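A.B. asks: Mind having a look at this structure? Questions to follow.
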Amino acid sequence: MTGGKERRGYSWLSNTDFGIHPYALVNNLLADPSNVSVGEDGSLLYNFPKLEKLLSNIGKITWTLMFLCYMLPGQVNRAEEFVEHKISNSTRPRMVLRSGLEMWLVICHTKVENMIQKATFIPALVPPELCIQLECYLILIRPLELALATIVYVKGKTIKALQFNKAFREAMSRYCGIKIGIHDYHQVVVQISWTYLECEVDMEDELEWDIFAAQQGHTVQTTCRIYAPEVGHLPSMSSKNLLQFSTASKAWWSVTGFVPRESPIPPHEDTDVAKVIETIVKKEIASLEVRLQEKMGAIVSNSLENIAHSVSRTVEGLFQGQGHPFA
């Protein structure tokens, strides 16, 4: 999570040449005379109905990516902060970041930021499949969307928190069969985390950094914020913190089914129930085996007694017939 890119207007999209013109789709749009033509006075004449339809289709892609970015990377944030996500720096820093091949979304800025006058935030790691879709959108589609929004709406339009909450409620009703908004969904996410991740996330293998901080006479937060800053990292986002947030995000992916080449994990209650059922079945089988052995033993014992009695009577009859002196 590199720092030093704090100038206004900066975005990681300007770091490299992606091999295509950033306005490739815009050029194709302008090259089609059915979309735009030149008037006698040299002004551009736009086919507004067609451009509005195209912008509406792009909007469907944007809304879909919004829902996926809100629900998949990790724990959810408030709608007011989510709709403020920006790819470039402005009055506030950008909220879509890159660290190598990984893409991170800033869930929220923390209150400590105002006290220390440095950027402090909580990030969530974007799943690889969603990262690919976001890259295609930001590199190819977003420039066209901005151009169309400027043409159709002059100054463009932004999505507000209430609008996002309404759209989220409609999407949940359509795809999940329940009508809940952002606030209620927060409660659902907390319960999902308890239900699915309580027994899955194992943090014991990670170093217990608190003990080192205590030995130094301060807290982990102080260590990360003040002492031994890492080159190229923001003071509030050391490689250690990034690793911990990455672990949390990947645990959430295991619930949503976005861990590459892995199936979604079952709720741990189901695992507990399965263990209980397995124990009951094993006990029942053991009990059946004991009862079966007892019955088989009784049958064999009775059979042996009957056989012995029959043999005894037969021998006795033979002896009596022959006048044996010992009869």
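The values are calculated or read from the model by the stated rules, or taken from the named source; none is laboratory data. Quick caveat: nothing in here was measured; it's all calculated off a predicted structure. All Cβ positions, even for glycine, are placed from backbone atoms using ideal geometry, and neighbour counts span all protein chains on display.
A.B. asks: All but one of (1) out of contact with any strand residue (DSSP E or B) (no Cβ under 8 Å at 6 or more places or on another chain); (2) at pLDDT below 85; (3) within 25 Å of Val126 (Cβ to Cβ) hold for Thr2; which doesn't?
C.D. replies: For Thr2, the exception is condition (1).
A.B. asks: In segment 11-69, which residues are among the acidic types (Asp, Glu) and closer than 30 Å to Leu130 by Cβ?
C.D. replies: Asp17, Glu52
A.B. asks: Would it be correct to say that Ile61 is assigned to a loop (DSSP other than H, G, I, E, B) and either surrounded by 12 or more Cβ atoms within 10 Å (Cβ to Cβ) or touching a residue at least 60 places away in the same chain (Cβ under 8 Å) (or both)? First the steps, then the outcome.
C.D. replies: On the way: assigned to a loop (DSSP other than H, G, I, E, B): no; either surrounded by 12 or more Cβ atoms within 10 Å (Cβ to Cβ) or touching a residue at least 60 places away in the same chain (Cβ under 8 Å) (or both): yes.
Judged against the criteria, Ile61 is not a match.
A.B. asks: Continuing with the same structure: List the pairs whose first member sits in segment 173-191 and is touching a residue at least 40 places away in the same chain (Cβ under 8 Å) and in a helix (DSSP H, G or I), whose second member is aliphatic (A, V, I, L, M) and surrounded by 10 or more Cβ atoms within 10 Å (Cβ to Cβ), and whose Cβ atoms are under 8 Å apart, counting only residues at least 6 apart or on separate chains?
C.D. replies: Ile182/Val76; Ile182/Ala79; Tyr185/Val76; Tyr185/Met172; His186/Val76; Val189/Val76
A.B. asks: Restricting the search to segment 71-84, which residues are in a helix (DSSP H, G or I) and either of a type in the set (Gly, Ala, Ser) or under 10 Å from the mean Cα position of the chain (by Cα) (or both)?
C.D. replies: Here is the first cut: in segment 71-84, the ones in a helix (DSSP H, G or I) are 71, 79-82.
The answer is Met71, Ala79.
A.B. asks: Which residues, counting only those in segment 137-158, are modelled with pLDDT of 85 or more and exposed (fewer than 13 other Cβ atoms within 10 Å of the Cβ)?
C.D. replies: Thr150
A.B. asks: If Leu54 satisfies every condition in (1) closer than 23 Å to Gln163 by Cβ; (2) aliphatic (A, V, I, L, M); (3) touching a Phe, Trp or Tyr at 6+ places or on another chain (Cβ under 8 Å) but one, which is the exception?
C.D. replies: (3)
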